[in-house]
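The values are calculated or read from the model by the stated rules, or taken from the named source; none is laboratory data. Source: prediction; values computed, not measured. Here the Cβ positions follow ideal geometry from the backbone for every residue, glycine too, while neighbour counts run over all protein chains shown. With ligands, DNA and RNA removed, areas are computed over all heavy atoms of the protein, side chains included. Shrake-Rupley method; radii C 1.70, N 1.55, O 1.52, S 1.80 Å.
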Amino acid sequence: MQLTKEEEAILAGDEGEGRAFAMKVLMNLGDLEDASCLIPIVSAHISGVSYHTAGEALIRVLEDLNGMGARVSVPTSLNPAGMDLRLWETLGYPDDFANKQLRIIELYSRLGIDITCSCIPYETPQSVQPIRMGDHLSWSESNAVIYANSMVGARTNRESGISALAAAILGKTPLWGMHMDGPRMPTLEVKMEGKMEPHHFDLLGACIGSDHNSNVVVFKGIPQDADRGALKHLGAAMAAKGGHAIFHLHGITPEQNLVQKAYDTGMIEERLTLTIGELEKRKDELYPSSGNDIDTFVLGCPHFGVPEFQRLNKLLSGRRLKTGKRLIVFTSRSIIKMLEEHIVLSLRDSGVEIYGDTCMVVTPLRSIGIDRVGTDSGKASHYIPRMSGVETTLLPLEKIVDLCAD
Ligand code: F3S
């Protein structure tokens, strides 16, 4: 990768140890990926925040970076942490875990990072500035990456926590992959037949993630008014089951020029049609059920945004949770604040628990007494058993509400 004179000086340490370290990380990545140069980014988003998933190693890296005097140079946001940073005591997190988690947040904060811990920086108030089509980013949360590339037309690779942090410090990222037109162009057309309910989007994402990992997909047959929350789930499931960083919706998503070019130049190598019945037939294989005897239901993977809160509020519409049932929603603290006087209040009156800063995957569920859950999220159903060893059943949101509310 070619460096400018200024970048070479940074590598040599002229601007401090922290920036030199970041330059080395990006140099290695750029050389590995055959990048030609570094390009400026508008924002960075860092995953690897929970002590449950990242452990002591993360604390050591962050202490080293602070010791080197590193600071971010573009707006940078954080993924969910391992607990609600304000309510952890009432939820019963062990002190040792909580102290380590708070230390991680303090170290990130000292680097100049916004500690609104959420995985939906594309719709979280007070997080990174709103992204626009064509913006270059360095984001390292797969649901956020695929949403930014697909629904907004911004440009980011699926970064690791450390490469996104290095990019945040330098304000630059290597030019490769999703930053260029070619790898964003579709190679597979998937035509959907039948009326899609929101939960079908998780199944569709899981099927494509599992079966077509190396393709960029253009979906046909998705309605113009498809639910935004369902589209978040589509991308999250694709990126969880596969390595996808982008999809296109024919006639809907912003990069129709690339879709058309792919058709015109014969890049679409394969076309397939899927029916709703075929998706439903795959459910048990993609998400084996742990049965119906479930008392705790978790929502908000990806984090709940305003439309998801509105949908849940409408489904509950004043009903109360049954005795012994828990319905827990995860979101960002800034969305809680925005909605606290109406929807959040009404949901809490119904018995719903709403937490910020964390999520059902990166929190240690067993240590707060949860050992079996139901969820509406394909991504959560994929990761919870792996990360926490907790049995997980995927259910449509309507069914979850009926199971836990009178
Ligand atoms: Fe977000 Fe946690 Fe799911 S980070 S996408 S809610 S796994």
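Once the C-beta distance of Thr4 and Glu106 is scaled by a Förster radius of 41 Å, the resulting FRET efficiency is 0.75 to the nearest 0.05. Full extension of the chain between Glu280 and Thr90 yields a length gain of 64.4 nm, computed as 0.36 nm times the residue separation minus the alpha carbon distance. Counting only protein chain heavy atoms and rolling a 1.4 Å probe, the accessible areas of Tyr263, Tyr287 rank, largest first, as Tyr263, Tyr287. In a simple Cβ point-charge model (Lys, Arg +1; Asp, Glu -1; nothing else charged), segment 31-112 has a dipole of about 280 debye relative to its Cα centre. The Rg/Rh ratio for the chain is 0.97, where Rg is the radius of gyration of the alpha carbons and Rh is the Kirkwood radius. Listed values for segment 299-308 are Karplus-derived 3J(HN,Hα) couplings in whole Hz (6.51 cos²θ - 1.76 cosθ + 1.60, θ = phi - 60°), namely 10, x, 10, x, 2, 4, x, 4, x, 5, and x replaces Gly and Pro.
Amide H to amide H distances under 5 Å link Thr116 with Leu78, where only residues 5 or more positions off or on other chains count and H is placed in the peptide plane.
Fully extending the segment from Lys314 to His342 would add 8.8 nm, taking 0.36 nm per residue of separation and subtracting the current Cα-Cα distance.
Averaged per residue, segment 5-179 has 38 square angstrom of accessible surface, using a 1.4 angstrom probe with ligands and nucleic acids left out. Each Lys and Arg Cβ is given +1 and each Asp and Glu Cβ -1; about its Cα centre, the chain then shows a dipole of about 580 debye. Using the 1.4 Å probe convention, the accessible area of segment 341-401 works out to 34 Å² per residue with neighbouring protein chains retained. Near Ile39, the amide H atoms lying under 5 Å from its own belong to Thr173, Leu175; only residues 5 or more places off or on other chains count, and H is placed 1.01 Å from N. Multiplying the residue separation of Lys191 and Asp295 by 0.36 nm and removing their Cα-Cα distance gives an extension gain of 33.7 nm.
Each label point was placed 7 Å from the Cα along the Cα-to-Cβ direction; for Asp14 and Asn99 their separation is 4.5 nm. When the charge dipole of the chain is built from unit charges on Cβ atoms (+1 for Lys and Arg, -1 for Asp and Glu) and taken about the Cα centre, the candidate among Gly92, Ala20, Gly205 whose Cα reaches farthest toward its positive end is Gly92. The 3J(HN,Hα) values that the Karplus relation (6.51, -1.76, 1.60; θ = phi - 60°) gives for segment 338-351 are, in residue order, 5, 9, 5, 8, 10, 5, 4, 4, 5, 5, 5, 4, 7, x Hz. Gly and Pro appear as x. For the chain, the share of accessible area belonging to carbon and sulfur comes to 50 percent (1.4 Å probe, ligands and nucleic acids excluded). What FRET efficiency do you get for Ile368 and Ile252 if R0 is 25 Å and r is their Cβ-Cβ distance, rounded to the nearest 0.05? For Ile368 and Ile252, the calculated efficiency is 0.05.
Looking at the chain, the DSSP beta bridges with both ends there are about 10 percent antiparallel.
The calculated 222 nm mean residue ellipticity attributable to helices in the chain amounts to -12500 deg cm²/dmol, summing -39500 (n - 2.57) over DSSP H runs of n ≥ 4 and dividing by all residues. Each peptide in 11-23, 164-176 was scored by the mean count of other Cβ atoms within 10 Å over its residues; highest first, the order is 164-176, 11-23.
Backbone amide hydrogens, once placed in the peptide plane, bring Gly374 within less than 5 Å of Thr296, Phe297, Val298, Thr393, excluding anything fewer than 5 places away on its chain.
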